[in-house]
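The values are calculated or read from the model by the stated rules, or taken from the named source; none is laboratory data. Here the structure is a predicted model, which means the values were calculated and not measured. Every residue, glycine as well, gets a Cβ built from its backbone with ideal geometry; the counts of neighbours run over all protein chains shown. The protein model used for the area step is the full one, side chains on, heavy atoms only, and it has no ligands, DNA or RNA in it. Shrake-Rupley method; radii C 1.70, N 1.55, O 1.52, S 1.80 Å.
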Amino acid sequence: MATCTAPSSSLMTSSIDRKSGIRWANLSTRRGSNHVAVAAVATEAEVGEAVEQEDGAADGGSATATVTAPLKPKKGKAALPLKRDRTRSKRFLEIQKLRENKKEYDLNTAISLLKEMSCTKFVEAAEAHFRLNIDPKYNDQQLRATVNLPKGTGQKVKVAVLTQGEKFDEAKNAGADIVGGEDLIEQIKGGFMDFDKLIASPDMMVKVASLGKILGPRGLMPNPKAGTVTPNIPQAIEEFKKGKVEYRADKTGIVHIPFGKVDFSEEDLLVNFLAAVKSIETNKPKGAKGVYWKSAHICTSMGPSIRLNIREMLDYKPPSNI
């Protein structure tokens with residue numbers, strides 16, 4: 001340890017060595033040598049603590065700069081691959097070559113092409129997708145209705161009926177698959193969903209209202225506009241069994257309607273498709289303005305879409321034999 005010199009002055013002075021960073025204390029000669037040593041040691045300890053704090057701050061700053069928050073896993077649609085990164089199956093790419101992209105086909109050619117594109121191990125459904133110039137967030141631009149497909153849907157429809165009294169036997173005799181009252185309501189609350197359509201008589205709607213949160217998201221809630229709330233239950237059962245289809249515009253203004261199976265004849269598919277187009281045109285919302293039809297496509301359940309010529313579709317006149 002360096003020695004300290006005692007100047008003639010009785011006051012204490014201090015100086016800092018720039019190279020070592022140690023503070024030198026000059027004390028009065030009146031103080032003892034022990035006091036001088038203690039002062040020097042204390043001064044050196046202070047300098048050491050200051051250096052350690054600076055080193056700690058430097059280390060902490062660098063650690064903070066390098067540590068990054070972990071990325072949150074994406075959920076829902078955000079987790080899906082981008083369109084440019086998606087890959088199609090070999091089957092899809094092969095049948096896609098059968099039609100020209102962005103070309104508008106006439107109705108007869110499109111339906112023939114639709115049947116040609118089906119090459120799955122099961123019988124696919126034929127679907128129609130119409131983009132309309134409506135905004136369903138406004139009440140006067142909402143579209144929800146039903147259409148009776150003359151040639152049926154090609155699938156068996158299981159109908160359940162909620163009613164009571166004399167109509168209970170009427171529903172059974174009309175061919176309903178499931179008939180019940182409050183007991184059926186309790187079964188539905190418990191998770192029973194083994195039906196495709198649920199029809200209710202008007203006097204049951206007070207009790208059916210409690211099923212809104214269960215049936216609503218599945219599109220099974222009885223509604224007068226859909227023809228599933230009616231006093232004439234036998235007629236409703238017959239219509240849905242024969243091919244009555246409910247449709248509605250989604251939040252983007254697109255209507256999706258199945259209009260048969262690919263094993264239908266071209267004439268049957270054409271008749272069903274024209275019935276769907278006529279129904280959408282007839283039920284045009286009052287608030288729809290400008291050009292009502294924006295685009296129309298048909299496709300199979302697992303196949304690419306075929307764009308239709310809107311003007312030819314609306315002006316199409318079927319042959320007299322259909």
field: Residue that is nearest to residue 262 (Cα to Cα) [pool: residues in segment 284-322 that are of a type in the set (Lys, Arg) and in a loop (DSSP other than H, G, I, E, B)]
entry: 317
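Here's the yes/no breakdown for (1) under 30 Å from residue 316 (Cα atoms); (2) outside any helix (DSSP H, G or I):
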position	(1), (2)
214	no, no
231	no, yes
236	no, no
248	yes, yes
260	yes, yes
263	yes, yes
269	yes, no
278	yes, no
- prompt: Quick one: in segment 134-157, which of the residues that are exposed (fewer than 15 other Cβ atoms within 10 Å of the Cβ) and assigned to a loop (DSSP other than H, G, I, E, B) is nearest to the chain's Cα centre (by Cα)?
  reply: 137
field: Residue ID - farthest from residue 293 (Cα to Cα), chosen from residues in segment 210-269 that are within 20 Å of the chain's Cα centre (by Cα) and open to solvent by 70 Å² or more (accessible area, probe 1.4 Å)
entry: 213
- request: Give the residues of segment 107-163 that are of a type in the set (Gly, Ala, Ser) and closer than 14 Å to residue 265 by Cα, sorted by residue number.
  value: 110, 112, 118, 125, 126, 152, 154
message: Pairs please, first residue from segment 154-176 and touching a residue at least 60 places away in the same chain (Cβ under 8 Å) and of a type in the set (Ser, Thr, Tyr), second anywhere and open to solvent by less than 40 Å² (accessible area, probe 1.4 Å) and part of a loop (DSSP other than H, G, I, E, B), Cβ atoms under 8 Å, 6+ apart in sequence or on different chains.
response: 163/181; 163/201
field: Near pairs, Cβ below 9 angstrom, 6+ apart or cross-chain, from segment 235-250 (at positive phi) to any residue that is surrounded by fewer than 21 Cβ atoms within 10 Å (Cβ to Cβ) and part of a strand (DSSP E or B)
entry: 243/148
statement: Note on segment 177-188: residues open to solvent by 40 Å² or more (accessible area, probe 1.4 Å) and within 29 Å of residue 256 (Cβ to Cβ) are 177
- request: Kindly provide the set of residues from segment 188-212 that are closer than 24 Å to residue 155 by Cβ and in a helix (DSSP H, G or I), ordered by number.
  value: 188
statement: The residue from 295, 279, 265 that alone is without any contact (Cβ under 8 Å) to a residue 24 or more places away in the chain and small (Gly, Ala, Ser) is 265
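Quick grid of which residues meet (1) closer than 12 Å to residue 306 by Cα; (2) outside any loop (DSSP other than H, G, I, E, B); (3) open to solvent by 100 Å² or more (accessible area, probe 1.4 Å); (4) modelled with pLDDT of 75 or more:
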| residue | (1), (2), (3), (4) |
| --- | --- |
| 64 | no, yes, yes, no |
| 71 | no, no, yes, no |
| 87 | no, no, yes, no |
| 94 | no, yes, yes, no |
| 98 | yes, no, no, no |
Criterion violated by residue 130 - all others in (1) over 30 Å from residue 252 (Cβ atoms); (2) at pLDDT 90 or above satisfied: (1)
